[in-house]
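One structure is given below, encoded as structure tokens.
The values are calculated or read from the model by the stated rules, or taken from the named source; none is laboratory data. It should be emphasised that the depicted structure is a prediction, and the values quoted were computed from it without experimental measurement. Quick reminder, even Gly has a Cβ in these numbers, built from the backbone with ideal geometry, and neighbours come from all protein chains shown.
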Amino acid sequence: MPFTGFPFLVFAVIVALYLLNSIKILREYERGVIFRLGRALPEPKGPGIILVFRPLDQIVRISLRQQVMEIPPQDVITRDNVTIKVNAVATLRVLDPTLAVVKVENYAYQTSQFAQTTLRSVLGEVELDELLSHRDKLNLRIQGIIDQRTEPFGVKVLSVEVKQVDLPEQMLRAMAKQAEAEREKRSKIIHAGGEFDAAQKLVEAAHLLATEPLTMQLRYLQTLTEIGVEKNTTIIFPLPVDLLSLVRDAIPKGATPHAHIDAQQS
């Protein structure tokens, strides 16, 4: 009798071990694509506890988390014949695990190849100034093209960002000269505007002083005070403004001071 129950016990242990080995635990962000007798099941399994009955079933784990993929540096010739080296960063996510496994061999590698070719083709159609100033628009265009090509195998490209643009040394020097010329131009325009405003204010001040002669006397005394405060050896002889007015009124209109003096001597 003991020997008759031993095979059953062995069989029960084997079955228990098989069932324990068939238990798989998938995390919240994981899905399992099950191939039963070589055919993929319609819906992926997970998350949680699932049963994979080997060798009838085979499982391929797929992560649904966002993945950051760096696009290697690409040599690009822009539309204005400038050779640059550009690299970018793409963010992608698997939406359909079954398509990502069945349709392509390696969805990440294929997306990377699509991104490299799209980056070269799109940036080759624009000029350097547009690449540097409208980078957001180009990022959206590249992202849309790559996403359209990856949609058939269940991968969504969320964003593409141009990470770095390496310019030739000659182009950097030319851009530096251009920026310097632009700043010098703005400086001259600002300086000319200041001179114009100052001249305009002087004209207004002259008109204001002409309406009230006493203000000229006050301004004259204020100037003497400012000069006296400074530490210098300048000797000043105050001359009344009224005296200058008398001299000005004594000179006939249309005659120069030298002509008036010669007339008095004769």
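Can you find even one residue in the range 6-18 that is outside any helix (DSSP H, G or I) and not assigned by TED's automatic domain parsing to the domain that holds Asp96? No.
Could you please find all residues in the range 25-57 being surrounded by 17 or more Cβ atoms within 10 Å (Cβ to Cβ), among the basic types (Lys, Arg) and free of Cβ contacts under 8 Å to residues at least 40 places away in the same chain? The answer is Lys45, and nothing else.
Take residues that are hydrophobic (A, V, I, L, M, F, W, C) and in contact with a helix residue (DSSP H, G or I) (Cβ under 7 Å, 6 or more places away or on another chain) and tell me which of the helices (runs of 4 or more DSSP H) falling wholly in the range 109-226 contain 2 or more. Quick ask: steps written out before the conclusion?
Details: elements: 128-133, 135-150, 169-211.
Qualifying helices (runs of 4 or more DSSP H): 135-150.
Of the residues making up the range 29-46, those that are farther than 10 Å from Val60 by Cα and either assigned by TED's automatic domain parsing to the domain that holds Ala100 or not in a strand (DSSP E or B) (or both) are Tyr29, Leu37, Gly38, Leu41, Pro42, Glu43, Gly46.
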